[in-house]
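The values are calculated or read from the model by the stated rules, or taken from the named source; none is laboratory data. On a predicted model such as this, the values are computed, not experimentally measured, just so you know. Cβ sites come from the backbone with ideal geometry, for glycine too, and all protein chains shown count toward neighbours. Remember, those area values only see protein heavy atoms, side chains included, never the ligands or the DNA or RNA. Shrake-Rupley method; radii C 1.70, N 1.55, O 1.52, S 1.80 Å.
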Amino acid sequence: MTHLTEHSLVQGGRSAAFATACVRGGVAAGLGVGALAVLVIVAWISSPFPDSGAGGALHLAAGLWLLAHGVDLIRTDTLGGLPAPLGIVPLLPSVLPVWLLYRTARSTLDPADENRPRPSPAGALGAVSGGYLLVAAVIVVYSASGPLPADLVTAGLWLPGVVLGATGAGVWTALGRPLPGREETAAALRGAATGLVTLLAGGAVLAGTALVWRAGAARASYEGIAGEWSGRVALALLLLALLPNAAVWAAAYGLGPGFALGTGALATPLGLVGDPAVPPFPLLAALPPQGPGGWPQWAAAAVPLLAAVALGRSVGRSTGTGPTRETALAALGAAWASGAAVAVLAGAAGGPLGSGRLLAFGPVWWQAGAAAVLWGVAVGLPTALTVRAWGRRVPRPKQPKEPKPPKASKPAKQAKSAKEAKAAASEPALAAVTAPAPAPGFPHEDADEEDEGYVPYDYFPASWETPLHTELPPPTGLPPHVEPPRPSGTTGAE
């Protein structure tokens, strides 16, 4: 009975945690819609000539929220009366809903109170995604009655994919980012992230350089569209939201496939071919001129080159201790992962801007992804192998230098030469005679030979009262213990 009670408590706790996670997902969706609604309503209030009431502003906010998830919208108020699709996703507003989903899923599995029950990873994924998609379904139905209804096909494909991807990333982070397989999987993901960041940063630099180069045309287009100050603020916000799209377009341009400017018009580093259908817009003023490309356009290939080198360097440094096969597999995996990410970004950054010639606008997702894979394989793989080989090289030990013989000091050399000269000049009879001991307080004649650190002050008297000079007995030439011989005439006189 106790076991059943505990089991019922556990099941009840998990059910409550599942319901809480579902509510948290719905709240995340509401926060995203609310943030966009505040911006749209502020722009509507500040506009001196609003085209519609508050209902139109809310429908516009709902359409922008769906567009940020990759859902195509349908424009019904066109001049020709035919509905026109709108599928270019502003990438900067997409960061908000993705971040909200990611943080909600991560906090669901990592609550502040450890005693509170929490759902399983699969339950958290399903609950947060389900709550979010319920709110999204309501918004899709609400947008159908406005001027920008959602396309049901893309709403059924892109919306669940974005939600599940962001929620899955949050659950994966909460679990400690586990990776299946061996160490090369982590190395491949790190290399792909490094290459992708380098590619997008280079694309942003290319787009910024082109805008500065064509600053006059961009300013003229901005002033022609903006009108009043409220329109200028709204257009500035739109340009800010589309800046990541410009970076992706420039990256696709450097990769080689380029981007489409309408049906039958293509811009690549080799040149701009076809008749582009370019509407007046400040960001589009930075497009390359028509005709074959020159060295400024060819220089755009440096961006994917640097990205592939960064990818290979990251993989080579991560797998430097493993075998060559592991490095090669990690480099290939990084190339494919970066290609998949580029394809997703290119597909979101481009799309239709209307009907007719504006159906194809922006980079083609599969071409940009394939080009990124080719750059990664052609440049990233050799770079990874080179970095690995360079890191595993064994430095040659340096041969120690032979120590030089110590040089004799000058006083020692002089003492040695003086000693040899004295020994050569001395007589054989005197060689056997023992020299008298030196008087106390005076140095020996060979003191320099025995003590190279001889200092005369060491032989001064210990006290100043002691006379400096003492009388010495006359040398006799004999040892001190031998008495001098007596004269023969005085023998026995005493």
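Assorted remarks:
- Rounded to the nearest 10 Å², the accessible area of E223 at probe 1.4 Å: 90 Å²
- Highest-first arrangement of 339-352, 130-143, where packing means the average Cβ count within 10 Å: 339-352, 130-143
- Calculated FRET value between A186 and V23, using beta carbons and R₀ = 30 Å, to 0.05: 0.30
- Order by protection proxy (mean Cβ within 10 Å, highest first), peptides 266-275, 211-220, 21-30: 21-30, 266-275, 211-220
- Working from label points 7 Å from Cα in the Cα-to-Cβ sense, the V141 to R325 distance is 5.7 nm.
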